[in-house]
Every structure is written in structure tokens, then in C-alpha cells.
1. Open to solvent by less than 80 Å² (accessible area, probe 1.4 Å), farther than 27 Å from Thr116 by Cβ, modelled with pLDDT of 85 or more and outside any loop (DSSP other than H, G, I, E, B): is that true of Ser43 in this structure?
2. Only one residue in Leu38, Leu77 is at pLDDT 90 or above, among the aliphatic types (A, V, I, L, M) and part of a helix (DSSP H, G or I), so which one is that?
3. Restricting the search to the range 120-132, which residues are over 13 Å from Ile71 (Cβ atoms) and buried (at least 23 other Cβ atoms within 10 Å of the Cβ)?
4. Find the residue count for the range 130-150, including only residues that are out of contact with any Phe, Trp or Tyr (no Cβ under 7 Å at 6 or more places or on another chain) and assigned to a helix (DSSP H, G or I).
5. Say we look at the range 206-251 and pick out the residues that are assigned to a helix (DSSP H, G or I) and aromatic (Phe, Trp, Tyr); which of these is farthest from the chain's Cα centre (by Cα)?
6. Is it the case that some residue within the range 15-34 is under 30 Å from Gln216 (Cβ atoms), at pLDDT 90 or above and surrounded by fewer than 12 Cβ atoms within 10 Å (Cβ to Cβ)?
Amino acid sequence: MNLWRLEWLRLLRTGRWIALAAVFLLLGFGEPLVTRYLGELLSGATGDGYIQITTTKPRPSDGMGAYFDNITSLGTLVIVVIAGLAFSVRANPPLAVLYLTHVPGRIGLLVPRFVTVAAAAALASAVGGAAAAYETTLLLGAPAAGATATGILISSLGAVFAVAVTFLAAMLLRGQVATIAVALGAIFVAVPFANLIPGVRDIGPAAFIALPKHLQLAAWRTDDTWATVVTLLLAAVCVAGGLWRSTRWEL
């Protein structure tokens, strides 16, 4: 059995794919449904009291925007946790010794693991986006096809970016909890903080992550291209840096 098959079997038999699929499908089918009926629920809850809530009729862009908004938080959280568990090779010392002494090179050990998790995260994001588009079409009307397809693609690339950041954290740290905590801190704290820098605000990862929702309301801009290029380059740097760091590991 080669390492590629081993990693796919690990993903399937540990049930990690179930967590990915469940979260993205739940958000995909649930967010347009909530968007469709939230206004009616809020209006009914106020009754004849002094507080009155006025809501507008939801549009297709609202349903897709709600989905894209939530996967940047809940979806990313699940991806980081699953990736952190998969990449923390040294968290189990006996198993780490077995891997590091029987696999010829660190790249041969880690690349199948990274590609498997990244592909699973991207696929889950794409399936969730397709579910959201289907549910939105049924409840709110058909969303803009081009903006929706581009948003689904970008959200899948955003999932790969989260996996790459977690990969680097796992190569620098030994424990699973530390890896997950640092990766979440980088994505949810460092990335938004960098967004405060004027020159980075429109071309950094934060702008890229918000792009799927933004495209539901506006056309593609030059800054969006730069945000995509910068984010993908950062993901590549994280992977390359993690692979380099793994060659310096000590048993």
C-alpha cells in the first residue's frame, strides 16, 4: 500500500470526511432557508407589541451571501481542526518514529497528506456551494450564475489556503492543540489585523476570503485579481516553508 492510498483511507475510515461534508452541506442547505423565512419569523415574534421589525423581501444574492459569510467562520474552523489532526505527525512519538524512519523523505511522507486534506476541503466547499445555489434557486430565485460559480471556486481556494496555513503551523509545532490554536489565530486574528494596513486592505487574504460574498453584489475588480494572486502565493509559501521545516525535524 502506497502513502497516497493510505491517506485517502485514513480520511475515509476516521470519519473526518463526514465532519467536512456535514458542516458544508448543512450550511449550504440551511442558510438560504434561514434567509428566506427569517423575516417572517421575526415579524411573527414581535406580535402587536411596541417593537416592530421591518424586513425586505430576500433576494437570491442574500441566500448565497449568507452561505459564503458563514463558511468563512464555521467552515474554516472545521477545516483547520481536521487539517491540524492530520498534519501533526509528531504528536504521537512512537508513530512518528515509525513514519520518519521508514519513509525515505519528508516530502514523500507529507505531500500525500497535504494533497488529500486540501482536496477534501476544496471538494466539501464546492459541494456546499452547489447545495446553497440549488436551495437558493428553489426558495429565492436563481442567483447570478457567473458570480455564484466564481464564488464557489474562490471559496474552495480559500479552503486550500486554510489547509496551507495549518500545514505550516503543524510543521513548526509538535502538538495538535497548539497547531490548531496557532492556525486559527493566524486566520481569524492575523489576517483581519493585516486588513487594517491601508496598502494591504484590498489585496490581502481578508479581501480574498470576503470575495465570494462581494461578487454577489459587485463586479470583479483589479484589486480582486491581486487579492487572489497574493493569497495563492501565501498558500504556496506556507506549503514550501512547511516542507523545508520538516527536513529539520529531530526524532
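1. no
2. Values: Leu38 fails: at pLDDT 90 or above.
Being at pLDDT 90 or above, among the aliphatic types (A, V, I, L, M) and part of a helix (DSSP H, G or I) holds for just one of Leu38, Leu77, which is Leu77.
3. Listed by number, the list holds a single entry, Ala120.
4. Within the range 130-150, residues that are out of contact with any Phe, Trp or Tyr (no Cβ under 7 Å at 6 or more places or on another chain) and assigned to a helix (DSSP H, G or I) number 13.
5. First, pick out the residues of the range 206-251 that are assigned to a helix (DSSP H, G or I): 206-209, 211-215, 222-246.
Filter again for aromatic (Phe, Trp, Tyr), leaving 208, 226, 244.
Values: Phe208: 12, Trp226: 20, Trp244: 24 Å.
Filtering the range 206-251 for residues that are assigned to a helix (DSSP H, G or I) and aromatic (Phe, Trp, Tyr), the one farthest from the chain's Cα centre (by Cα) comes out as Trp244.
6. Among the residues of the range 15-34, at least one is under 30 Å from Gln216 (Cβ atoms), at pLDDT 90 or above and surrounded by fewer than 12 Cβ atoms within 10 Å (Cβ to Cβ), which makes the answer yes.
The values are calculated or read from the model by the stated rules, or taken from the named source; none is laboratory data. Just so it is clear, the structure is predicted and the values come from calculations on it, not from any experiment. Don't worry about glycine lacking a Cβ; one is built from the backbone with ideal geometry, like all the others, and counts go over all protein chains shown. Ligands, DNA and RNA are excluded from the accessible area calculation, which covers all protein heavy atoms including side chains. Shrake-Rupley method; radii C 1.70, N 1.55, O 1.52, S 1.80 Å.
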